[in-house]
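S.K.: The structure's right below; bear with me while I get my questions together.
The values are calculated or read from the model by the stated rules, or taken from the named source; none is laboratory data. It should be emphasised that the depicted structure is a prediction, and the values quoted were computed from it without experimental measurement. Every residue, glycine among them, receives a Cβ derived from its backbone with ideal geometry; neighbour counts consider all protein chains shown. Note: areas computed on protein heavy atoms with side chains; ligands, DNA, RNA excluded. Shrake-Rupley method; radii C 1.70, N 1.55, O 1.52, S 1.80 Å.
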Amino acid sequence: MDKFIIVGGNKLEGEIEVESAKNAYLPILSACLLCEEEVVLKKCPMFEDIKNMCDILTSLGVKVERFEDELHINAKCANNFFISQNLSKKLRSSIFTLGSLLGRFKQAKVAYPGGCEIGLRPIDLHLKGLRALGVKIKEFHGYISCDGSGLCGADIYLDFPSVGATENLIMAAVLAKGVTTIFNPAKEPEIEDLQNFLNKMGAKVCGAGTNSIKIVGVKKLYGCTHTPIPDRIIAGTYLIACAMCGGKMLIKNTISNHFSILINKLQNSGCKIKQFNDKIYIESTKRPKSINFVKTMPYPGFPTDLQSQILCMQTISKGYSQIQENLFETRFKFVPELLKMGANITIKNQIAYVLGVKKLFGAEVYAKDLRGGVALVLAGLCAEGYTTVCDVYHIDRGYENLEKKLSLLGANIKRERELK
Ligand code: UD1
């Protein structure tokens with residue numbers, strides 16, 4: 001497995017462009033199944049998760065072609081509604097195809113995604129919502145088998161605003177007879193992007209980003225061209241990297257409204273930030289101040305996908321802070337690795353108590369999941385000496401050529417490839 005070798009201590013300076021959002025791309029790719037004409041998706045990043053989702057589509061009979069950074073997808077010949085355990089274990093988001101398979105074929109058989117690196121990740125809300133839409137579901141031998149012949153619009157009340165459940169239910173409802181209203185949906189910007197994409201294809205979805213989403217079923221969807229929104233988590237990762245290492249950065253292709261809560265925390269910790277229409281500038285000249293308290297929450301609260309990075313920043317900030325993880329129970333797996341680097345952290349009841357130290361020291365550390373893995377890279381960038389981050393395949397799931405992009409900003413980081 002590949003490793004990153006980092007020599008810490010360099011300031012980060014320069015310009016960087018953020019890729020399209022992984023979490024917008026994945027449901028949009030799945031939604032392509034709903035349409036029998038060609039869809040063109042622009043600015044497609046080479047994230048492993050996106051490649052895996054394309055493999056899943058191909059296994060369903062969908063034609064997926066890449067021309068430079070464009071994906072051309074044609075699901076006209078899709079002829080399969082089965083996703084095996086082998087495919088689904090590569091990508092937990094394979095469960096996001098349940099709604100679109102049901103929309104297209106009125107049936108689906110998908111391997112149960114199971115838990116993953118960051119927690120148990122149940123799918124009860126997805127299934128409860130689908131049952132409300134008239135889908136008959138059987139769970140056996142690790143598979144979820146759905147009969148959607150009675151698929152029909154309905155009112156759905158989500159007990160928790162799950163991102164994946166909201167997206168699956170929208171996709172199941174767009175081609176269903178009648179009107180569906182999802183109450184208490186997730187409000188993440190990626191859901192609004194899915195709504196915009198579906199509407200470009202001729203769907204009738206409104207309300208994404210508010211307290212209810214209404215879907216009026218249509219008979220057919222048509223081809224379109226779409227550029228998914230920029231990745232707010234990657235933008236946030238670069239901002240935090242600059243805050244930790246010092247320097248100045250212009251981050252292009254961003255929508256700063258999507259991560260206002262992070263901007264506010266970084267300003268409070270002493271960074272200078274200027275926001276423009278589609279870019280953001282950050283300058284960090286001194287050791288950051290601790291930010292006291294962060295609690296991960298559904299959007300517009302502090303994103304769980306930035307928890308590891310902000311926690312990592314607290315390890316070298318001046319003062320004391322508490323980081324509470326409310327979404328995924330095993331999202332502190334990277335903390336023991338930070339301890340090897342000299343961080344002062346204790347964890348109790350899903351809260352990390354962090355006392356900032358003046359310096360971290362390089363060490364050999366292991367990425368255990370995507371965001372925890374990138375947090376270790378940030379730690380290595382500002383630590384004294386050499387850091388080796390092992391198992392970077394976790395990071396490749398959601399960052400493209402991270403080492404090259406950080407090198408262009410002045411970091412001393414290189415990839416050591418494992419010989420096969
Ligand atoms: C999505 C994102 C992930 C992000 C997460 C929360 C994608 C591909 N992934 O994941 O990066 O960290 O949102 O912002 O978009 N839950 C249930 N039952 C369910 C579904 C969820 O109990 O049926 C719980 C989960 O265990 C978790 C919480 O709800 O505690 C939020 O999960 P959810 O919003 O569904 O996250 P994902 O869609 O899996």
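S.K.: Determine which single condition F183 fails, assuming it passes every other condition in (1) over 27 Å from Q107 (Cβ atoms); (2) open to solvent by 40 Å² or more (accessible area, probe 1.4 Å).
M.R.: (1)
S.K.: Given I73, I6, which one is in contact (Cβ under 8 Å) with a residue 40 or more places away in the chain and under 30 Å from V377 (Cα atoms)?
M.R.: Exactly one of I73, I6 is in contact (Cβ under 8 Å) with a residue 40 or more places away in the chain and under 30 Å from V377 (Cα atoms), namely I6.
S.K.: Among all residue pairs at least 6 apart or on different chains, which show Cβ distances below 9 Å where the first residue, located in the range 247-270, is assigned by TED's automatic domain parsing to the domain that holds E190 and the second is modelled with pLDDT of 95 or more and not β-branched (V, I, T)?
M.R.: Once the first residue is assigned by TED's automatic domain parsing to the domain that holds E190 and sits in the range 247-270, no partner that is modelled with pLDDT of 95 or more and not β-branched (V, I, T) comes close enough.
S.K.: Of everything in the range 102-124, what is open to solvent by 30 Å² or more (accessible area, probe 1.4 Å) and either within 11 Å of the ligand (Cβ to nearest atom) or modelled with pLDDT of 95 or more (or both)? Give them in sequence order.
M.R.: Answer for the range 102-124, where residues must be open to solvent by 30 Å² or more (accessible area, probe 1.4 Å) and either within 11 Å of the ligand (Cβ to nearest atom) or modelled with pLDDT of 95 or more (or both): R104, F105, K106, Q107, K109, G115, C116, L120, R121, P122, D124.
S.K.: Say we look at the range 204-225 and pick out the residues that are crowded, with 21+ Cβ neighbours inside 10 Å and in contact (Cβ under 8 Å) with a residue 40 or more places away in the chain; which of these is nearest to the chain's Cα centre (by Cα)?
M.R.: For the range 204-225, the residue satisfying everything is I213.
S.K.: Consider the range 295-327. How many of its residues are of a type in the set (K, R) and away from the ligand (no atom under 16 Å from the Cβ)?
M.R.: 1
S.K.: I've got another one for you. Criterion first (in a loop (DSSP other than H, G, I, E, B) and under 17 Å from L194 (Cα atoms)) does P113 satisfy it?
M.R.: When the stated conditions are applied, P113 does not pass them.
S.K.: If you don't mind, there's one more thing I want to ask. I'd like the full set of residues that are within 20 Å of the chain's Cα centre (by Cα) and surrounded by 24 or more Cβ atoms within 10 Å (Cβ to Cβ), limited to the range 314-324.
M.R.: I323
S.K.: Of all residues in the range 55-99, count the ones that are hydroxyl-bearing (S, T, Y), surrounded by fewer than 16 Cβ atoms within 10 Å (Cβ to Cβ) and either over 23 Å from E36 (Cβ atoms) or in contact with a Lys or Arg (Cβ under 8 Å, 6 or more places away or on another chain) (or both).
M.R.: Count: 1.
S.K.: Also: On the basis of being within 16 Å of the ligand (Cβ to nearest atom) and hydroxyl-bearing (S, T, Y), does T330 make the cut?
M.R.: yes
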